[in-house]
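What follows is one structure encoded as structure tokens, with my remarks underneath.
The values are calculated or read from the model by the stated rules, or taken from the named source; none is laboratory data. Owing to the predicted nature of the structure, the values given are computational and were not obtained by experimental measurement. Quick reminder, even Gly has a Cβ in these numbers, built from the backbone with ideal geometry, and neighbours come from all protein chains shown. All accessible areas refer to the heavy atoms of the entire protein, side chains included, with ligands and DNA or RNA removed. Shrake-Rupley method; radii C 1.70, N 1.55, O 1.52, S 1.80 Å.
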Amino acid sequence: MQGTMQGKEWIVEGNVWRVGDNVNTESIYSTQWHGKKEVVLAHLGELVIPEFPKKVKQGDIWVAGVNFACSSSRNVAGLLKEKGIGAILCHSSSRNNFRNAVHSGIPCFEIGDEVKKIKMGDRVRVNVRTGEIKNLTTGDEIKAQPYPDFLMETLEAGGLIPKILSRKDEYKIKVTLGGFQ
């Protein structure tokens with residue numbers, strides 16, 4: 001997670017990697033690279049933005065059009081986070097992708113037609129807690145729907161598994177990374 005602890009600002013600021021509409025999970029995480037995570041990450045996104053895997057920087061922002069990450073339940077949001085992406089902004093996202101993003105601890109904001117105000121290479125600042133987005137290149141400001149508290153808690157924990165593990169003393173069963181006992 002990039003940012004600060006609960007109750008304080010969580011700002012993500014970076015350069016934009018922009019893709020179009022209906023970009024499916026196969027285009028970001030191709031089965032030809034399926035296998036070792038380091039190989040997947042070395043080729044992540046190169047079918048849609050060839051220079052992405054070599055030039056992405058920590059905190060950069062992935063921006064997509066309509067129906068982002070459609071077609072399968074591959075956790076491309078989690079892989080984008082591991083590659084350094086700090087937030088995802090899109091017109092709309094598949095439900096699987098939205099859940100994968102929250103469960104992986106990466107904010108994904110659906111901003112409708114406002115996404116047209118953001119271009120490849122723009123510098124953007126996202127306040128994850130408030131949903132305020134500012135295109136620092138153009139000055140455009142966008143207001144996304146903020147996350148409800150229970151989802152924000154999951155994002156701030158770094159994802160669903162870290163959240164569960166941080167609260168394991170509250171459960172009557174023993175929770176480990178290997179499962180339940």
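Observations, loosely collected:
- Note that region 58-131 carries a Kirkwood radius of 12.2 Å, evaluated over its alpha carbons pair by pair.
- Dipole magnitude for region 1-100: computed about the Cα centre from +1 point charges on Lys and Arg Cβ and -1 point charges on Asp and Glu Cβ, it is near 220 debye.
- Debye, to nearest 20: dipole size of region 111-166, +1 on Lys, Arg Cβ, -1 on Asp, Glu Cβ: 200 debye
- Taking only the alpha carbons of region 78-181, we obtain Rg and Dmax values of 15.9, 53 Å in that order.
- Accessible surface for region 117-168, divided over its residues, is 53 Å² per residue with a 1.4 Å probe.
- Share of carbon and sulfur in the accessible area of the chain stands at 51%, probe radius 1.4 Å.
- Of the peptides 32-40, 139-147, 60-68, 78-86, the order by per-residue mean of other Cβ atoms within 10 Å, starting with the highest, comes out as 60-68, 78-86, 139-147, 32-40.
- The charge dipole of the chain, taken about its Cα centre with unit charges on the Cβ of Lys, Arg, Asp and Glu (plus for the first two, minus for the last two), comes to roughly 420 debye.
- Based on C-alpha pairs under 8 angstrom that are at least 6 apart in sequence, the chain has a relative contact order of 22 percent.
- Comparing the chain with the 2.2 N^0.38 Å rule of thumb, its C-alpha radius of gyration ratio is 1.02 (two decimals).
- The residues of region 1-95 expose, per residue, 47 Å² of accessible area to a 1.4 Å probe.
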